[in-house]
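> Once you've had a glance at the structure underneath, I'll fire off some questions.
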Protein chains: 2
Amino acid sequence: MTHETLGSGAGMGASAGRVETQHVRLHDEDDPFVLESGEKLAPVDVAYETYGELNAERSNAIVVCHALTGDAHVAGHHGEPKTEGWWDSMIGPGKPVDTDTYFVVSSNLLGGCAGTTGPSSIDPATGKPYGLRFPHFSVRDLAKVQRSLLRKLGIERLYAGMGGSLGGMQILQWALDHPQEMKNALLICASSRLTPENIAFSSVARNAIMRDVNFQNGDYYGTDRQPDSGLSVARMLAHITYVSGQALERKFGRERRETEGPTFGIDFQIESYLDHQGDKFLKRFDANTYLYLSRVMDYFDPFADEAAAVERLRGNPTRFLVVSFDTDWRFSTAHSLEIARILEKAGCDFVREEIASPWGHDSFLLPVPAYHQLVRDFLAGKR
Amino acid sequence: MTHETLGSGAGMGASAGRVETQHVRLHDEDDPFVLESGEKLAPVDVAYETYGELNAERSNAIVVCHALTGDAHVAGHHGEPKTEGWWDSMIGPGKPVDTDTYFVVSSNLLGGCAGTTGPSSIDPATGKPYGLRFPHFSVRDLAKVQRSLLRKLGIERLYAGMGGSLGGMQILQWALDHPQEMKNALLICASSRLTPENIAFSSVARNAIMRDVNFQNGDYYGTDRQPDSGLSVARMLAHITYVSGQALERKFGRERRETEGPTFGIDFQIESYLDHQGDKFLKRFDANTYLYLSRVMDYFDPFADEAAAVERLRGNPTRFLVVSFDTDWRFSTAHSLEIARILEKAGCDFVREEIASPWGHDSFLLPVPAYHQLVRDFLAGKR
């Protein structure tokens, strides 16, 4: 969710080393991608990275899906250690997702802004960036594009799918749609249904972007007016929900900066931190992608028809790991319990665990020992 | 905090009837208001309302302090029932604060935008609105202006001071500074110290306002460009923190509006609600006032020197009522417990109670029966 987090995000063990983002065209005009809505999209290019080696049986692949603001660069570095991937503590040689054993594939999501076709891509019909003319898509579409990528890489079955937050939502959908293709599904601080409070926070973030006078109805590309104010406010707001009050207390308390009495600038350290998060985000993220990927979460509701979902899950051979963190208030343990409730009803094989960690939702990005051990053991079939 | 809330805000019993906002000049250039910072301010005009009658002994006065976005119009109506004051369920004939018994005074805060001198007032030095040249002030200053008003009305001692949220913070400061003048102090979902998370939310709200390109560094008055986008986003964001997730679930759930599939407009009822809150706010509130009154809360920290605070409180004759609501996550019960901890340490006479109510922080505005009974009993000396 964030590249820089509150906790100690330092990786453990060896790095996956130097990796490169690769690009592939999965769909073109002769073979467009058909969205769940029925709309067609072409071309669809995908940026992805891989770590480790695919074994001869093609049985050791793990797909990693990123969350709202992630990208394909999950592990290793792009030539210098400072560019380590966002889940480098989790993935690499000897790490919980051991790239000496597994072949890991991660791609930038459809609608993204880091190499995969999205609203900033050129619409061949107009020769201009799509902007808000990019079609809406579903979590199922997000998973489907990644499934196409795996096919392209010659992978029919996954040893595991894993992701945190929106990443876990994609894995859940994927496991529901193609249970025979996913041996293990790791749903980390995920949700099967956003609460109205979740939607409310995302709605305000989108409002910050769209009410920015420089938003220009999404056609800001190539102009000298970008919705930077709105995007940074959206990020600052969202960031509060990624961390726990306890983490903020521990890290910043009421510590002040050296201002003489009140100003409307940065008087408290917590304000400096948020400001930094907002600014940094502008350099790497596209406002329209924020709109699309946050909206797709609002609509995700695979258990809306509970009876049908249970029926469909019955006999599903996938093993599920459902993990939450005790201080996560964005997707609290209640969200994981709801997923587990349905899995249990359907007689699925699952492990559910709440991990103690002070860092809130961002915990999923951090090397929390009990959490890493759980992932390691689950993948090894010891849990 | 809000004029329209999630719960049933209907008043109970008789209304205080038709009331009018009155205006008084408390300080002029010959007698400027001296802020805690040492700065001087003149003129200082105050808008206020009164309800009920001051008795002959002048012993039945209750001052009500408003919260961040309130105003002087607490009870009764301005000629038609639709204009009922924001705490009309609490204050009126036969109500918990019974205007057949008590004389209630409420004024718009210093820095406000509803009749009291604030950043939208004309700075006599320039002949133009102050904007961000308005001096910063403290919670003590807010209380001090109201104390001047009471003196002007011939009131030396208060039967009680009461307020919710920032309102309660003013009462706390007042009781600390002038314990002999306040017989009862009612601190409702108040705080003696904002957490970094509290500050973070306010900081993002201020950023939304100040990064709005129409903010013009606060000098938007009389121009055709107002920071409406920023102010509405600030309000929408703050509003989420005023209600509980439980209340949003109960009231809106994931109920959809009639849109065909996803849009970036108002697809969910919760979005419609927030949008309405944001828009409505623009009609009655000034962005600069939002900045000043939210900042004053960040700095409030009367127990920063705990030993000194305890020493100062010792022997304080004021009776305190410290009330919180179980679903309030803006100023949770932890905030009230912290106030009570200090009061207890100093041997003060206090009642602390957490009220069960599903409506979050906004509960303080609602006719929650156990809460209203507690206020009634406390004022009658039965608690």
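The values are calculated or read from the model by the stated rules, or taken from the named source; none is laboratory data. Keep in mind it's a predicted model, so treat the numbers as computed, not measured. So basically every Cβ, Gly included, is an ideal-geometry build from the backbone, and we count neighbours across all protein chains shown.
> Given (1) more than 9 Å from every other protein chain (Cβ to nearest Cβ); (2) within 25 Å of A:Leu68 (Cβ to Cβ), identify the lone condition not met by A:Tyr299.
The one condition A:Tyr299 does not meet is (1).
> What are the pairs with Cβ atoms under 8 angstrom where one residue, in the range B:5-27, is at pLDDT below 95 and the other, located anywhere, is outside any loop (DSSP other than H, G, I, E, B) and hydrophobic (A, V, I, L, M, F, W, C)? Sequence gap at least six, or different chains.
So the pair list comes out as B:Thr5/B:Leu365; B:Leu6/B:Ala247; B:Leu6/B:Leu248; B:Gly7/B:Ala247; B:Gly9/B:Leu365; B:Ala16/B:Ile91.
> Now for a different question. Check B:Asn288, B:Asn316 and return the single one that is in the same structural domain as B:Pro135 (by TED's automatic domain parsing) and in contact (Cβ under 8 Å) with a residue 60 or more places away in the chain.
Details: B:Asn288 fails: in the same structural domain as B:Pro135 (by TED's automatic domain parsing).
Matching residue, one of B:Asn288, B:Asn316: B:Asn316.
> Scanning the range A:121-158 for residues that are aliphatic (A, V, I, L, M) and touching a Gly at 6+ places or on another chain (Cβ under 9 Å), which turns out nearest to the other protein chains (Cβ to nearest Cβ)?
Of the range A:121-158, the ones aliphatic (A, V, I, L, M) are A:122, A:125, A:132, A:139, A:142-143, A:145, A:149-150, A:153, A:155, A:158.
Filter again for touching a Gly at 6+ places or on another chain (Cβ under 9 Å), leaving A:132, A:142-143.
Values: A:Leu132: 7, A:Leu142: 13, A:Ala143: 17 Å.
Here the residue is A:Leu132.
> Still on this structure: Can you find, within the range B:236-259, the residue that is surrounded by the fewest Cβ atoms within 10 Å (Cβ to Cβ) among those that are more than 10 Å from chain A (Cβ to nearest Cβ) and out of contact with any helix residue (DSSP H, G or I) (no Cβ under 9 Å at 6 or more places or on another chain)?
The residue in question is B:Glu258.
> Kindly indicate whether A:Phe201 is under 24 Å from A:Phe325 (Cα atoms), out of contact with any strand residue (DSSP E or B) (no Cβ under 6 Å at 6 or more places or on another chain) and hydrophobic (A, V, I, L, M, F, W, C). Quick ask: steps written out before the conclusion?
Working: under 24 Å from A:Phe325 (Cα atoms): yes; out of contact with any strand residue (DSSP E or B) (no Cβ under 6 Å at 6 or more places or on another chain): yes; hydrophobic (A, V, I, L, M, F, W, C): yes.
Judged against the criteria, A:Phe201 is a match.
> Still on this structure: How many residues, within the range A:84-102, are more than 18 Å from the chain's Cα centre (by Cα) and not in a loop (DSSP other than H, G, I, E, B)?
Of the range A:84-102, the ones more than 18 Å from the chain's Cα centre (by Cα) are A:92-96, A:98-102.
Then keep just the ones that are not in a loop (DSSP other than H, G, I, E, B); that gives A:92, A:98.
Qualifying residue count for the region: 2.
> Being under 20 Å from the mean Cα position of the chain (by Cα) and acidic (Asp, Glu) is the filter here; which residues of the range A:174-231 pass it?
Within the range A:174-231, A:Asp177, A:Glu197 qualify.
> Among (1) part of a strand (DSSP E or B); (2) over 15 Å from the mean Cα position of the chain (by Cα), there is one condition A:Gly79 misses while meeting the rest; what is its number?
Only one criterion is unmet by A:Gly79, namely (1).
> Here's another thing I want to ask about it. Which of the residues belonging to the range A:178-197 are of a type outside the set (A, V, I, L, M) and within 14 Å of chain B (Cβ to nearest Cβ)? Break it down stepwise before answering.
Here is the first cut: in the range A:178-197, the residues of a type outside the set (A, V, I, L, M) are A:178-181, A:183-184, A:189, A:191-193, A:195-197.
Hits for the range A:178-197 are A:Ser191, A:Ser192, A:Arg193, A:Thr195, A:Pro196, A:Glu197.
> Would you be able to say whether some residue in the range A:341-351 is without any contact (Cβ under 8 Å) to a residue 24 or more places away in the chain and either assigned by TED's automatic domain parsing to the domain that holds A:Gly218 or more than 16 Å from the chain's Cα centre (by Cα) (or both)? Talk me through it step by step, then tell me what you get.
Initially, the range A:341-351 is screened for residues without any contact (Cβ under 8 Å) to a residue 24 or more places away in the chain, giving A:341, A:344.
Filter again for either assigned by TED's automatic domain parsing to the domain that holds A:Gly218 or more than 16 Å from the chain's Cα centre (by Cα) (or both), leaving A:341, A:344.
Yes, because at least one residue in the range A:341-351 is without any contact (Cβ under 8 Å) to a residue 24 or more places away in the chain and either assigned by TED's automatic domain parsing to the domain that holds A:Gly218 or more than 16 Å from the chain's Cα centre (by Cα) (or both).
> Restricting attention to the range B:211-224, which residues are out of contact with any helix residue (DSSP H, G or I) (no Cβ under 7 Å at 6 or more places or on another chain) and either in a helix (DSSP H, G or I) or among the basic types (Lys, Arg) (or both)?
Matches in the range B:211-224: B:Gln216 only.
> Moving on. Exactly one condition in (1) within 12 Å of another protein chain (Cβ to nearest Cβ); (2) in a strand (DSSP E or B); (3) of a type outside the set (Val, Ile, Thr) is not met by A:Ser324; state its number.
So A:Ser324 meets the others, but not (1).
To keep it simple, each residue is scored yes or no on (1) in a loop (DSSP other than H, G, I, E, B); (2) modelled with pLDDT under 95; (3) farther than 23 Å from B:Met210 by Cα.
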site: A:Ala175; (1), (2), (3): no, no, yes
site: A:Ala200; (1), (2), (3): no, no, no
site: A:Ala208; (1), (2), (3): no, no, no
site: A:Gln226; (1), (2), (3): yes, no, no
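> Separate question: Just to be sure I understand, how many residues within the range B:150-183 are aromatic (Phe, Trp, Tyr) and either closer than 20 Å to B:Asp98 by Cβ or outside the structural domain of B:Tyr48 (by TED's automatic domain parsing) (or both)?
The total comes to 1.
> Out of A:Val233, A:Val213, I need the residue that is loosely packed, with under 15 Cβ neighbours inside 10 Å and within 9 Å of chain B (Cβ to nearest Cβ). Which one? I'd like the intermediate steps shown before the answer.
Values: A:Val233 fails: loosely packed, with under 15 Cβ neighbours inside 10 Å.
Going through A:Val233, A:Val213 in turn, the sole match is A:Val213.
> Which pairs turn up if I take residues in the range A:198-210 that are at the interface with chain B (Cβ under 7 Å from one of its Cβ atoms) and look for partners that are acidic (Asp, Glu) and crowded, with 24+ Cβ neighbours inside 10 Å with beta carbon separation below 6 Å, at least 6 apart in sequence or on another chain?
Cβ pairs passing all conditions: A:Ser203/B:Glu271.
> Right, A:Ile171: within 14 Å of chain B (Cβ to nearest Cβ) and in a helix (DSSP H, G or I) or not? Lay out the reasoning, then the answer.
Working: within 14 Å of chain B (Cβ to nearest Cβ): no; in a helix (DSSP H, G or I): yes.
The answer is no for A:Ile171.
> Does the range B:330-348 include one or more residues that are under 23 Å from B:Ala75 (Cβ atoms) and among the charged types (D, E, K, R)?
no
> So, one more: Among the numbered criteria (1) free of Cβ contacts under 8 Å to residues at least 12 places away in the same chain; (2) aliphatic (A, V, I, L, M); (3) out of contact with any helix residue (DSSP H, G or I) (no Cβ under 7 Å at 6 or more places or on another chain), which single criterion is violated by B:Ala114?
Against the list (1) free of Cβ contacts under 8 Å to residues at least 12 places away in the same chain; (2) aliphatic (A, V, I, L, M); (3) out of contact with any helix residue (DSSP H, G or I) (no Cβ under 7 Å at 6 or more places or on another chain), B:Ala114 comes up short only on (1).
> Then there's this: Restricting to the range A:261-290, count the residues that are assigned to a helix (DSSP H, G or I), crowded, with 22+ Cβ neighbours inside 10 Å, more than 9 Å from chain B (Cβ to nearest Cβ) and not aromatic (Phe, Trp, Tyr).
3
> Taking only pairs six or more apart or across chains, which ones have beta-carbon atoms under 7 Å, a first residue in the range B:68-96 that is free of Cβ contacts under 8 Å to residues at least 40 places away in the same chain, and a second residue that is surrounded by 22 or more Cβ atoms within 10 Å (Cβ to Cβ) and in a loop (DSSP other than H, G, I, E, B)?
B:Val74/B:Gly85; B:Val74/B:Trp86; B:Val74/B:Trp87
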